[in-house]
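The values are calculated or read from the model by the stated rules, or taken from the named source; none is laboratory data. These figures come from a predicted structure and were not determined experimentally. A quick note on method: Cβ atoms are made from the backbone with ideal geometry, for glycine too, and the neighbour counts reach across all protein chains shown. For the accessible areas, the whole protein counts, side chains as well, though only heavy atoms, and no ligand, DNA or RNA atoms are used. Shrake-Rupley method; radii C 1.70, N 1.55, O 1.52, S 1.80 Å.
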Amino acid sequence: MKLSLGFKGDSLSVINVQRPDEVMETKIRQELEAKYGSPTLDDGRKDEQCIYRNGNSFTLKSGVMSVRCKDDETSTTTDLNLVHCQSCPSNLSSGMVSTQPSRSLSIQRRPAPAKASGLF
């Protein structure tokens, strides 16, 4: 598992954990939903059609799917991302290209917006 911490000045602003397992992902989703209500789902995966001369074909999904929860009170955004990259094999005799999806959890606190000061 890989852990990255991001700082702004002396304050921790971003925590990023890569490759939590499926059990961890399910637990995180449940916690986020219980705390923040229904999260926003952004499914940026695209379909790739694999077509071969012998008439065989199938579809692969590749890309990033993310679940985002925002807490406006604390200016915190939590993203749970699933990255899954696959490509069509050059021929069917070599078998499917198997990839392990990469999962990451990112928690980021945004700085409070600056208050506009009036000229008068």
Worksheet item: Are there any pairs with C-beta distances below 8 angstrom linking a residue in the stretch 79-99 that is modelled with pLDDT of 75 or more and surrounded by 13 or more Cβ atoms within 10 Å (Cβ to Cβ) to a residue that is in a loop (DSSP other than H, G, I, E, B) and of a type in the set (K, R), with the two at least 6 apart or on different chains, and if so which?
Response: H84/R45
Worksheet item: Out of the stretch 36-56, which residues are over 18 Å from the mean Cα position of the chain (by Cα) and not in a loop (DSSP other than H, G, I, E, B)?
Response: E48, Q49, C50, I51
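Is the stretch 27-44 home to any residue that is of a type in the set (S, T, N, Q), within 26 Å of S87 (Cα to Cα), at pLDDT 75 or above and out of contact with any helix residue (DSSP H, G or I) (no Cβ under 9 Å at 6 or more places or on another chain)?
Start the filter on the stretch 27-44 by keeping residues that are of a type in the set (S, T, N, Q), which leaves 30, 38, 40.
Next, from what is left, pick out any that are within 26 Å of S87 (Cα to Cα): none.
The answer is no, given that none of the residues of the stretch 27-44 is of a type in the set (S, T, N, Q), within 26 Å of S87 (Cα to Cα), at pLDDT 75 or above and out of contact with any helix residue (DSSP H, G or I) (no Cβ under 9 Å at 6 or more places or on another chain).
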Worksheet entry | In the stretch 73-90, the residues that are within 26 Å of L32 (Cα to Cα) and over 20 Å from the mean Cα position of the chain (by Cα) | E73, T74
Worksheet, complete the sentence: For the stretch 55-64, the count of residues that are open to solvent by 30 Å² or more (accessible area, probe 1.4 Å) and of a type outside the set (V, I, T) equals 5
Worksheet entry | Residues of the stretch 21-35 satisfying the condition of being more than 13 Å from the chain's Cα centre (by Cα), surrounded by 13 or more Cβ atoms within 10 Å (Cβ to Cβ) and closer than 18 Å to S102 by Cβ | M24
Worksheet item: Out of L12, L5, which single residue is open to solvent by 90 Å² or more (accessible area, probe 1.4 Å) and farther than 30 Å from L92 by Cβ?
Response: L5
Worksheet item: Among (1) at pLDDT 80 or above; (2) touching an Asp or Glu at 6+ places or on another chain (Cβ under 6 Å); (3) open to solvent by less than 40 Å² (accessible area, probe 1.4 Å); (4) under 30 Å from L12 (Cβ atoms), which single condition is R103 missing?
Response: (1)
Item to complete: Determine which single condition V67 fails, assuming it passes every other condition in (1) in contact (Cβ under 8 Å) with a residue 24 or more places away in the chain; (2) open to solvent by less than 70 Å² (accessible area, probe 1.4 Å); (3) in a loop (DSSP other than H, G, I, E, B).
Response: (3)
Worksheet item: So is D47 charged (D, E, K, R) and in contact with a Lys or Arg (Cβ under 9 Å, 6 or more places away or on another chain) or not?
Response: yes
